1. For every other residue with a beta carbon closer than 15 angstrom to the beta carbon of ARG78, add +1 if it is Lys or Arg and -1 if Asp or Glu, then tell me the sum.
2. Kirkwood Rh and Cα-based Rg: tell me the resulting Rg over Rh for the stretch 199-262, rounded to two decimals.
3. For THR238, THR28, THR363, THR116, what ranking results if the residue with the fewest other Cβ atoms within 10 Å of its Cβ goes first?
4. Evaluate E = 1/(1 + (r/R0)^6) for SER412 and ALA235, where r is the Cβ-Cβ distance and R0 equals 45 Å; express this FRET efficiency to the nearest 0.05.
5. Stokes-Einstein diffusion coefficient for the stretch 250-300 at 20 °C in a medium of 1.002 mPa s, Rh from the Kirkwood formula over Cα pairs: what value in µm²/s?
6. What does the highest-first list of 7-13, 70-76, 56-62, 278-284 look like by mean Cβ count within 10 Å?
7. By what distance, in whole Å, do the Cα atoms of the stretch 28-142 stretch along each of the three principal axes, largest value first?
8. At 222 nm, what value in deg cm²/dmol follows for the chain if DSSP H runs of at least 4 each add -39500 (n - 2.57) and the sum is divided by all its residues, to the nearest 500?
Amino acid sequence: MLDRFFAFSQNNTNLRTELLAGLTTFLTMAYIIFVQPAVLSGSIFHPPIDTGIDFGAVTVATCLSTALASALMGLYGRYPIAQAPGMGENFFFVLSTLPVAAGMIARGAVAPGTTTAWQIALGVVFVSGVLFLVLSFLGVRELLLDAISPSMRNGIAIGIGLFIALIGLRNANLVLVDNNGLRLNTAFASPDLIVFFVGLLVTAGLHARRVRGSIVWGIVAATLLAVVLQHALPALPTGLADSPTVTQSGLMKHFTIARSVLSTPPSIGPTFLKMDVRNALSWTMAPFILIFLFMNLFDTLGTLIGVCEQAGFIKDGKLPRARQALASDAIATAVGAALGTSTVTSYIESAAGVEQGGRTGLTAVVVAVLFLLALFFSPIIAMVGSYPPITAPALVIVGSMMILNVLKIDWSNYAEAMPAFLVMIGIPLSYSIADGLALGFVLYPPVKLLAGQGREVRWLMYVMAAVLLAYFVLVRAQAGGA
């Protein structure tokens, strides 16, 4: 039955290979179980951000949405591609969308006490998912894909990668921010930096040796070291144990060791069906709906093309069942928002499972089952999420992998390269994905016009430039330029 449904023989694979491929993909992307709830709850940031989103509920929403999305891709799209809340979209959700939604509430644009910023932000994600689904079935995705040049698409990926890496360095306390800007923390004897560097070395070393699950193993190594240090440091001689470097460290102040390994999953009640669609459809939030839509579109198409090219699925330049694959992604995003998490998208880590031999949707179904089982390890997830230096190496490594897109920018055409470069540096330096995107997108059409390349700019880019310029003037100006 499995052979007939998943076409094992046609794809030159078998049950054992598909199971191993699913396990491999799971190990390479399991870090999202720890990172996603820490990002959306705000605990991953230094200092922590109180987003109002419940950590445990996001943990459940992350595992459930990943399981549903991956199963949908495997059973409907029939591809060995797993899906989960996207890195990049989650930071955009917290650092860009939430502040603007909070501004709506502060200005009295919505009735006081009727909603919260995170509920409006979830509504934005939900609407973007519904729009993606409609566009997938209407065939408009080609228009959206062609509107933004490859250089700009890759500039976005690079900028988000730099941003994520910067956040990782800040979470580790390696990079400090004060009135003089960014500076290096030279207190290398700090327990926080020791935990971070050990985790980074383990992750980078294993990743360089192509060990599957290198990011997860790095998190495991950093967690074990944190447990050992929290017990060992108080036993040091007087003068060391009570030094500010030790007592004021995040390890001693925030790291909470789990009392058990297994437990019943936390309640999803605090976030389930809490999205505020009505206020998400306001003019203020319209640019964010578009940005989420485009980020999801490019993430999905980029992953589909990359993984399917590696697996040999693309025939005559076309991807079979592309509509089903895109629809799976769109449905997952809408359902994920209803559960309580940010945009769900296809994961490039699926390439690890393809490399292991995965060629059918069963690989994605295996990933789905493993994420459901992960729900019962919530005490460990909460422990890891309580201490940002543990997950900081994962952010740095993920950021470094996203930098590879720099090779795909057309550096020979300055009219393409300059706007892409502004997006790349604008996102991390402004500490805002929305502002970095707007900076490059607003300048792209006029630069192309002045370069005599105006015919290469699609009309949709002019519309986006106008919308984002209005965002700069009306939204960012009202926020005081913060």
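1. Surrounding charge for ARG78 is +2.
2. Working: Rg = 14.7 Å, Rh = 13.4 Å.
Over the Cα atoms of the stretch 199-262, Rg/Rh equals 1.10.
3. In order of increasing Cβ crowding within 10 Å: THR238, THR116, THR28, THR363.
4. 0.15
5. Values: Rh = 15.4 Å.
Translational D for this selection: 139 µm²/s.
6. Peptide ranking by packing, descending: 56-62, 70-76, 278-284, 7-13.
7. Principal extents (Cα only, largest first): 46, 34, 22 Å.
8. Numbers: 23 runs with 295 residues, N = 482.
Only helices count here, giving -19500 deg cm²/dmol.
Readers should treat all values here as calculations from the given coordinates under stated rules, not as data from a laboratory. Here the structure is a predicted model, which is why all the values come from computation and not from measurement. Glycine gets a Cβ as well: all are built from the backbone with ideal geometry, and neighbour counts include every protein chain shown.
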